[in-house]
Amino acid sequence: MIYKAFRDVKLSALGMGAMRLPLLAGKTSEIDEAALNDMVACAMEQGVNYYDTAWGGITTAGRKPRWAAY
């Protein structure tokens, strides 16, 4: 893993985003925690230490907010 200096820590060049987490079958709001634990464990084993957990870009209509440039 490549790490980049950020303030007083070294962050992995690759991070794990949490915008789309695995859901339980047939559910739209219940996260499959067992699958998520496996995903995080795999990322950690590969040296990932940056996790983006922000949910700020999600809207109830499923559309991008006006300020989003992506």
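For region 8-29, name all the residues that are at pLDDT 85 or above and small (Gly, Ala, Ser). Matches in region 8-29: SER12, ALA13, GLY15, GLY17, ALA25. Just to be sure I understand, how many residues within region 7-22 are surrounded by 10 or more Cβ atoms within 10 Å (Cβ to Cβ) and either touching a helix residue (DSSP H, G or I) at 6+ places or on another chain (Cβ under 8 Å) or closer than 16 Å to THR53 by Cα (or both)? Adding up the residues that qualify gives 10. Residues in region 3-15 that are in a loop (DSSP other than H, G, I, E, B) and free of Cβ contacts under 8 Å to residues at least 12 places away in the same chain: ARG7, ASP8. Listed by first and then second residue, the pairs linking a residue in region 16-32 that is assigned to a loop (DSSP other than H, G, I, E, B) to a residue that is at pLDDT below 85 and loosely packed, with under 10 Cβ neighbours inside 10 Å, with Cβ atoms under 7 Å apart and 6 or more places separating them unless they lie on different chains, are ALA18/THR53.
If the condition is being in contact (Cβ under 8 Å) with a residue 24 or more places away in the chain and under 21 Å from MET1 (Cβ atoms), then region 40-56 contributes VAL40, ALA43, GLN46, GLY47, VAL48, ASN49, TYR50, TYR51, ASP52, THR53. For region 23-39, a residue qualifies if it is within 30 Å of LYS4 (Cα to Cα) and surrounded by 14 or more Cβ atoms within 10 Å (Cβ to Cβ), and the qualifying residues are LEU36, MET39.
The values are calculated or read from the model by the stated rules, or taken from the named source; none is laboratory data. The structure displayed is predicted, hence computed values, not measured ones. Don't worry about glycine lacking a Cβ; one is built from the backbone with ideal geometry, like all the others, and counts go over all protein chains shown.
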